[in-house]
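Below is one structure, written out as structure tokens, with a few remarks after it.
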Amino acid sequence: MDIVEIAKIINSIFSLFIIFETQKILYISDELKELTKYNFKEFDDLHSISENSYFTISNNTYYLRKYVIDKYDLFIFEPIGNFTDTLTKSICLEEIVENLYDGVLLSDRDGKVVIYNKAMEELERKPKNKMIGKYIWDAYGYSDKTKSEHMQVLESGKPIINKYKAHAIYNGKPVYKSYSTYPIIVNNETIGVYSISKDETKLQNLLSEIVELKRNYFSEDNKDRDFFNNGTRFTFSDIIGSSEIMKNLIKEAEALSWLDNSILIVGDTGTGKEVFAQSIHNFGKRRAYPFIGINCSAIPENLLETILFGSVKGAYTGAVDSSGLFEEAGEGTLFLDELNTMPLNMQAKLLRALQEKSARRVGGKENYPLKCRIISAMNEDPYELIESGRLRQDLFYRISGYNLYIPPLIKRGDDIFEISEYYIKKYNRTMNKNVTGIEDSLKTIMKKYSWPGNIRELEHFIENIMVRTIDNEKNLKLENLPDYLKDIIFESQKVDNNSINDLDSLLNQYEKKIIFEALEKNRWNVTKTSKHLNITRQSLIYRMRKHNIKR
């Protein structure tokens, strides 16, 4: 084809172009001639350019594209700076995306990564050159591409909003991030998928530091505090105690707060399970939504279903249209305390609702979606409950996305005296006393007592001594303890030469010793040790956490 004919075809699409043949200028478009005022010297070395780049003509920058057509080299100049031009917009947007604080990941319709900005590199600790051009399921190590959320969004065309999850692993640890994933739809066809991710690690660390400072230096009377607008009154800063076991537990709970998974809190009566549940709600992203708690043991079986799921008028005698707690919780948190007391037939109904993520009012015909997060609590070993047939195993796995084990007060060391100090200050205000400490003889007794009622029992203990403390006394004394409390403590404790002889303590010590020795014998292989002890693996793990047994 004649070069003039070729130039006419190109000129119908582009106005600024030049054609070389064997390093010689063969054709220059009329507009390019006018632009350069027929001074072509600046194009002398143009033929040596091997890839797309930028080129300056008369102090204006152009994007230079090179094409090889048979024996010809075609160079097209596209103006930069005109924001009605799609190329200019594209270049500017790429620059903006690259410098955003939030991570951006874009994959095309084939699932290949096409954009992976600097913030995403820093967030996931993955180099861009190992991500761009790869299939997204390969880049993240998925064995099945259908597990990739990008491919799920590409297939469904529906976005995934406000998730908190770990997609990447760094130094053997999951890298959690908050993100949303959206489809790019053109003419009813999804041509790509992009995610915007936020690094909330620094914010979480800062919040944790603030919480720890407040726990160490401030205390306030929780009983007198007004409820927050979401129905709670506790945060992590209200948890008293500086023992290592509690510091680690709070950090673990803070990390769980940002996830959407269900949580099971296990702990003895009076250890503060609801305090942790409310704190988790207030530390996470659902804090703006309601927190609704229910004690399953306090509700008659025939009313429990109605209270949880709601009812319609006429469903049974006296039934009215009422919403259940699942509806009222909305996108907040529903706290099911003492779930282990729930009857088995009610457990089956709860399981079905959680599996289908929808429920129906008693007597109703239509389902409504469940959007709330479930936090459950038990005061017994869940694995023993399963073995004894009092807890459905399938329900347990549904409610225990994560397990949180709260230690009894006896396992918390000197936390007992920090908590006592808090209650002393509280009752100084309400009783108009001026107590500042505890005498050593009483401390010895307190340290050795097993505290089966945990923190709740300790508060009752402090209150009863302070009632009998005269106004000018500065320390709590053993002689001010009511006789019935003395009987309880000494009967259970049997203090003799600074040794503890109560049955609970002895059994706990013996159980801990047996488990530790069995673990040592089996080289800390949990599966082998559980078989050796003739208990389930899960029950062994629970007991190890209960006794704080670590390798």
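The values are calculated or read from the model by the stated rules, or taken from the named source; none is laboratory data. Quantities reported herein were computed from a predicted structural model and do not represent experimental measurements. Note that each Cβ is placed from the backbone with ideal geometry, even for glycine, and that neighbours are counted across all protein chains shown.
For segment 402-459, taking the residues that are of a type in the set (Val, Ile, Thr) and touching a strand residue (DSSP E or B) at 6+ places or on another chain (Cβ under 8 Å), the one that is surrounded by the most Cβ atoms within 10 Å (Cβ to Cβ) is identified as 406. Contact annotation: residue pairs with Cβ atoms under 8 Å, 6 or more positions apart or on different chains, pairing a residue in segment 50-73 that is closer than 16 Å to residue 10 by Cα with a partner that is part of a loop (DSSP other than H, G, I, E, B) and among the small types (Gly, Ala, Ser), are 66/50.
Find the residue count for segment 258-290, including only residues that are of a type in the set (Phe, Trp, Tyr) and under 25 Å from residue 409 (Cβ atoms).
Of all residues in segment 258-290, those of a type in the set (Phe, Trp, Tyr) come to 258, 276, 283, 289.
Among the residues that remain, those that are also under 25 Å from residue 409 (Cβ atoms) are: 276, 283.
The number of residues fulfilling the criteria is 2.
Of these, 18, 57, 25, which one is under 19 Å from residue 87 (Cβ atoms), at pLDDT 85 or above and either acidic (Asp, Glu) or surrounded by 13 or more Cβ atoms within 10 Å (Cβ to Cβ) (or both)? Step by step, each of 18, 57, 25 is checked, and only 18 is under 19 Å from residue 87 (Cβ atoms), at pLDDT 85 or above and either acidic (Asp, Glu) or surrounded by 13 or more Cβ atoms within 10 Å (Cβ to Cβ) (or both). Pairs are defined by a Cβ separation below 9 Å, a sequence spacing of at least 6 or placement on different chains, a first member in segment 126-154 that is not assigned by TED's automatic domain parsing to the domain that holds residue 113, and a second member that is crowded, with 16+ Cβ neighbours inside 10 Å; no pair meets this definition.
For segment 6-24, the tally of residues that are of a type in the set (A, V, I, L, M) and touching a residue at least 24 places away in the same chain (Cβ under 8 Å) stands at 5.
Scan 78, 42 and give me the residue that is more than 12 Å from residue 21 (Cα to Cα), in a helix (DSSP H, G or I) and either basic (Lys, Arg) or touching a residue at least 12 places away in the same chain (Cβ under 8 Å) (or both).
On the way: 78 fails: in a helix (DSSP H, G or I).
Answer to the check: 42.
The numbered conditions (1) closer than 30 Å to residue 182 by Cα; (2) among the hydrophobic types (A, V, I, L, M, F, W, C); (3) surrounded by fewer than 11 Cβ atoms within 10 Å (Cβ to Cβ) are all true for residue 105 except (3). Residue 133: surrounded by fewer than 12 Cβ atoms within 10 Å (Cβ to Cβ), at pLDDT 90 or above, in contact with a strand residue (DSSP E or B) (Cβ under 8 Å, 6 or more places away or on another chain) and of a type in the set (Gly, Ala, Ser), yes or no? It is true that residue 133 is surrounded by fewer than 12 Cβ atoms within 10 Å (Cβ to Cβ), at pLDDT 90 or above, in contact with a strand residue (DSSP E or B) (Cβ under 8 Å, 6 or more places away or on another chain) and of a type in the set (Gly, Ala, Ser). Based on this model, can you work out whether residue 308 counts as under 20 Å from residue 536 (Cβ atoms) and either in a helix (DSSP H, G or I) or under 29 Å from the mean Cα position of the chain (by Cα) (or both)? Answer is no for this residue.
Does any residue of segment 256-265 turn out to be in a helix (DSSP H, G or I) and either in contact with a strand residue (DSSP E or B) (Cβ under 9 Å, 6 or more places away or on another chain) or at negative phi (or both)? There is at least one residue in segment 256-265 that is in a helix (DSSP H, G or I) and either in contact with a strand residue (DSSP E or B) (Cβ under 9 Å, 6 or more places away or on another chain) or at negative phi (or both).
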